[in-house]
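Notes for the one structure printed next.
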Amino acid sequence: MMGLPSLHALDQAQAARIWLAVEPTDMRCGFDRLAERVRAVIGQNPLSGHLFLFRSRRGDRLKILHWDQDGFILWYKRLEVGVFKLPRANEGARSVELRASELAMVLDGIDVSKLKRVPRYARITDENKEKILV
């Protein structure tokens, strides 16, 4: 059985990004329909190696889709009581990028919608410049 990657592993592999689809997803969706939602809703390539999160309408279920070199991995978590407290999205946003620490907090039952991130220094790289210009 394969588990979710550790925070340390995700932090070390900076290429792995984590995307959350803001709108609810039908939890009956399997690999192929979720991969299509990655393209249509999140606007990313499902084969990129990133993690893609989808929540149920009630908010008590999460699915995480990940491409692992030769096939998809699908994690599914259902809460017996309560709901996942997800970060707030900007008006009109269809997806939100999360940090590994935020994903860990969501899965651990912490309400990340109430957390406030303090400003931190971020070194500007060529990749960041492209994002800023776009």
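Compute the Rg to Rh ratio over segment 7-114 from the alpha carbon atoms, using the Kirkwood formula for Rh, and round to two decimal places.
Working: Rg = 13.0 Å, Rh = 14.0 Å.
That ratio is 0.93, to two decimals.
Please give me the summed charge of the neighbours of Leu79: other residues whose Cβ is under 9 Å from its Cβ, Lys and Arg +1, Asp and Glu -1.
Computed value for this residue: +1.
What is the fewest-to-most order of Ile73, Ile42 by other Cβ atoms lying within 10 Å of their Cβ? Before the final figure, lay out the partial values.
Values: Ile73 13, Ile42 21.
Ascending Cβ contact count within 10 Å gives the list Ile73, Ile42.
Every read-out reported here was derived from the displayed coordinates using simple, explicitly stated rules and does not represent laboratory data. These numbers were taken from a predicted model, which means no experiment stands behind them. Neighbour counts are summed over all protein chains in view; Cβ atoms, including those assigned to glycine, are modelled from backbone coordinates with ideal geometry.
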